[in-house]
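Let me begin by presenting the structure, written as structure tokens, before commenting on it.
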Amino acid sequence: MSYLAIKHIHVTAVALSLSFFLVRGFCMLYLPAWLKKRWMRIVPDLIDSVLLISAITLAVKLQQYPFVHGWLTAKVLGLLLYIVLGSIALRRGRTKTVRVMGLIGALLTAGYIVWVAVTHNPFPWS
């Protein structure tokens, strides 16, 4: 499969993953029963699996690896923070305020990850 095809799959998966995260964040705030629906648990996992596989494939194809290339390291560390904050937002936050703060933090982290991906710079604001 060509680099452009894999990149297209990856970017599409990013957009779908963030869209579903926003939908689940909305449901957490206004329709919490929807978060228990089977499709609401399965679809994001499938999208995130495609996202992860395409990311690994791109890294191997480009021969750029985390902890070797700074921008990719920043993306991986940002991803770990995004997962933690997303977990607080959608599951582990004990109050709605904590969940909203987790949601905002996760979205800001996702924005950072996308910014780093576009600029290939772990400090894109400098």
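Please list, or write none, the lysines whose alpha carbon is within less than 24 Å of the alpha carbon of K61, excluding same-chain residues fewer than 8 places away. Counting by Cα, and skipping residues close in sequence, K61 has these lysines nearby: K7, K75.
In order along the stretch 6-21, the Karplus-derived 3J(HN,Hα) couplings, from 6.51 cos²θ - 1.76 cosθ + 1.60 at θ = phi - 60°, round to 5, 4, 4, 4, 5, 5, 4, 5, 4, 4, 5, 4, 5, 4, 5, 5 Hz, and Gly and Pro are given as x. Axis of helix 70-87 versus longest Cα principal axis of the chain: the two differ by about 10°, to the nearest ten degrees. Each Lys or Arg adds one and each Asp or Glu takes one away; over the other residues whose Cβ falls under 11 Å from the Cβ of L31, this sums to +3. Along the chain, counting only trypsin sites (Lys or Arg not before Pro) with a DSSP assignment other than H, G, I, E or B and at most 13 other Cβ atoms inside a 10 Å radius, the longest segment between sites is 38-93. The string of couplings for the stretch 104-109 from the Karplus curve (6.51, -1.76, 1.60, θ = phi - 60°) is 4, x, 5, 5, 5, 5 Hz, one whole number per residue in order, with x for Gly and Pro. Among the chymotrypsin sites (Phe, Trp or Tyr not before Pro) in the stretch 39-126, those located in a DSSP loop and surrounded by at most 15 other Cβ atoms within 10 Å of their own Cβ are F67, W125. Kirkwood-type hydrodynamic radius, the chain: 15.4 Å, calculated from all non-identical alpha-carbon pairs.
Over the stretch 7-88, accessible surface divided per residue gives 63 Å², non-protein components excluded, 1.4 Å probe.
The values are calculated or read from the model by the stated rules, or taken from the named source; none is laboratory data. If you're wondering where the values come from, they're calculated on a predicted model, not measured in any experiment. Here Cβ is always computed from backbone atoms with ideal geometry, including for glycine, and neighbour counts include all displayed protein chains. For accessibility, only protein heavy atoms count, side chains too; no ligands or nucleic acids. Shrake-Rupley method; radii C 1.70, N 1.55, O 1.52, S 1.80 Å.
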